[in-house]
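The structure under discussion appears below in the form of structure tokens.
Just so it is clear, none of the values below were taken in a lab; they were calculated from the coordinates. Just so you know, these numbers come straight off a predicted model, no measurement behind them. Cβ: placed from backbone, ideal geometry, glycine included. Neighbour counts: every protein chain shown.
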């Protein structure tokens with residue numbers, strides 16, 4: 001995902017008011033309808049959120065029936081200067097810009113210049129993709145983020161970022177780890193490929209093509225794709241904020257590292273026009289950007305992991321809330337959290353962006369709270385029924401148990417070693433339910449309502465669903481969440497689970513510490529060698545732990561020197577391990593030292609061997625790319 005280098009860890013709750021007066025922020029748009037009902041609702045929800053979640057500001061647009069109902073700013077663009085959000089305030093909306101990439105792709109497809117089912121290599125002259133699978137990679141796959149790429153958490157390795165989109169695509173190419181069209185794993189790289197294809201086919205830089213074919217026809221004169229904010233626009237920008245000591249702190253604007261699909265600057269007024277165009281069959285105020293049949297094709301479901309769950313339209317995520325089908329996209333980066341959602345059947349659209357994650361990343365909840373408030377206003381959710389566990393579920397519950405890790409991760413670099421951080425643990429609840437534990441949360445109870453489909457047991461009104469997939473042999477292989485089409489969860493073998501990882505690290509650390517103590521108390525060549533191995537591995541574990549605790553620094557910028565030093569320690573310990581085996585065998589042969597000493601040294605040697613295998617499995621020996 002795009003860069004967010006100054007993200008702070010969540011703090012404790014504090015009763016501090018950060019709300020500034022709401023300021024109207026719309027101009028040059030059609031007259032509003034139903035504002036008497038919606039404006040108080042939106043203002044009540046958003047102002048409460050800004051105060052309760054310590055978010056400095058927000059910008060909101062609501063459209064319906066071909067008109068702008070609401071386009072307003074709330075709170076501060078810069079909390080330090082108390083600069084209000086006004087009609088010229090630009091927000092970084094991150095991945096909402098991807099919808100413009102896919103709109104451009106659909107334009108070129110309807111003009112006959114792109115085939116959504118053709119091999120993308122057909123259109124790429126200066127970027128070569130490895131032909132890893134017989135099935136060709138297509139634009140249709142990229143639109144569903146099902147290209148089969150691994151996902152690098154770190155956007156760019158140490159050194160300068162790429163100068164051009166083509167350089168980024170060549171130098172930061174992820175491995176292809178599964179056939180295209182099989183599973184979704186949200187991919188900035190895949191969208192950047194599509195963006196570059198637009199450039200190659202049109203013969204224009206992406207922003208120039210977009211300005212001529214989308215932005216200018218729709219009157220979106222305050223929308224830009226810029227990796228760095230031009231000085232002329234700096235005063236119009238909302239700044240990203242963290243929460244420090246209970247109050248928001250503004251941070252300077254950062255350069256966007258990846259391609260322009262994540263670099264969009266825009267206003268609520270401009271995005272209202274974009275939403276209206278998509279809701280009105282591809283045109284707004286007499287200016288057409290897509291044909292009606294193209295819009296219908298773009299808005300239909302195109303990919304899903306399970307036919308009972310939401311999936312992907314052509315570039316739009318699907319959501320099911322209050323019995324309604326919605327399409328849209330999320331934007332999460334640069335200390336901004338954004339949401340754009342359309343209800344095509346009802347002609348309604350919502351855009352909201354917050355310029356701070358708030359306490360405990362509350363802005364991610366806030367955008368969905370606002371959406372639900374609007375849905376409840378228009379179409380209240382039907383009364384829920386309480387799910388009842390099947391009578392025979394206790395006999396089948398064990399087949400679902402295990403660890404599941406997201407496809408939204410790396411597989412062939414050292415980043416793969418961090419997959420257990422996002423692991424879901426599934427176990428038999430013993431009461432006719434499954435218990436699913438997400439990282440950082442208490443386990444939740446789920447009831448099976450259809451074969452391999454579950455609903456929350458305690459919250460029957462929740463739109464959440466969990467579906468499991470089984471293979472031809474009847475083994476459960478994957479887990480999928482409703483309203484989260486960005487990734488799947490793969491069931492992992494025991495040696496990749498978090499339980500095994502924590503256990504291995506704890507046991508090895510204890511044995512390495514004993515080896516160091518033995519080397520201090522019983523100085524001999526054998527004990528000193530094993531002590532050196534133990535010390536090197538403990539230094540690695542210390543560095544690895546610090547990197548995990550402060551992983552944002554690794555994800556979003558220059559690699560800390562600690563990473564290289566930790567890997568060097570691990571590699572040195574592995575090189576010394578064969579000598580420890582020889583020394584341990586000699587100690588037992590000659591019965592050197594006490595039984596306790598020999599056991600501790602042998603235990604440390606075996607731990608070093610097991611640990612070396614673990615390091616190799618996760619590419620942590622510094623022999624390949626981070």
Ascending count of other beta-carbon atoms within 10 Å, so fewest first, for 334, 186, 354, 502: 502, 186, 334, 354
Alpha-carbon centroids, the range 388-404 and the range 124-152: separation in whole Å: 36
Helix 498-521 axis, angle to the chain major axis (alpha carbon atoms, nearest 10°): 40
Helix 188-202 axis, angle to the chain major axis (alpha carbon atoms, nearest 10°): 50
Sites residue 44 and residue 609, calculated FRET efficiency, Cβ-Cβ separation with R0 51 Å, nearest 0.05: 0.25
Relative contact order of the chain, defined on C-alpha pairs under 8 angstrom at six or more residues apart (%): 15
Nearest 10 degrees, 0 to 90: helix 362-378 Cα axis against the chain principal axis: 40
Dimensions (Å) - the range 483-529, Cα atoms, principal axes, largest first: 60, 16, 14
Relative contact order (percent, whole number), the range 305-394, Cα cutoff 8 Å, 6+ residue spacing: 19
Ranked 98, 437, 360, criterion: other C-beta atoms within 10 Å, fewest first: 437, 360, 98
Contour excess over end-to-end distance, with Cα ends at residue 292 and residue 546 and 0.36 nm allotted per residue: 86.1 nm
Kirkwood-type radius of the range 38-97, with distances r between different C-alpha atoms, in Å: 12.5
Rounded Å value of the spacing that divides the Cα centres of the range 438-479 and the range 283-310: 29
Virtual spin-label span in nm between residue 592 and residue 449, 7 Å along Cα→Cβ: 6.8
Whether the chain is rounded, prolate or oblate, judged on the alpha carbon gyration tensor where a/c under 1.5 counts as rounded: prolate
Gyration tensor (alpha-carbon) shape descriptor, the range 497-617, a/c threshold 1.5: prolate
Prolate/oblate/rounded call for the range 102-202, Cα gyration tensor, a/c under 1.5 rounded: oblate
Contact order normalised by residue count of the range 497-617, Cα under 8 Å, 6+ apart, percent: 33
222 nm mean residue ellipticity, helices alone, for the chain (DSSP H n ≥ 4; -39,500 (n - 2.57); rounded to 500): -11000 deg cm²/dmol
Spatial separation of Cα centroids for the range 163-232 and the range 355-371, in angstrom: 27
Residue exposure sequence - 501, 609 - by fewest surrounding Cβ within 10 Å: 609, 501
Theoretical gain in end-to-end length, residue 369 to residue 477 [0.36 nm per residue, Cα-Cα removed]: 35.6 nm
Potential extension, residue 513-residue 500 segment - 0.36 nm per residue separation minus Cα distance: 2.7 nm
Estimated FRET transfer efficiency (residue 118, residue 470; beta-carbon r; R0 45 Å; 0.05): 0.85
Residue 235-residue 388 FRET efficiency (beta carbon distance; Förster radius 60 Å; 0.05 resolution): 0.50
Packing-based order for 223-230, 533-540, 128-135, using average beta carbon neighbours within 10 Å, highest first: 533-540, 223-230, 128-135
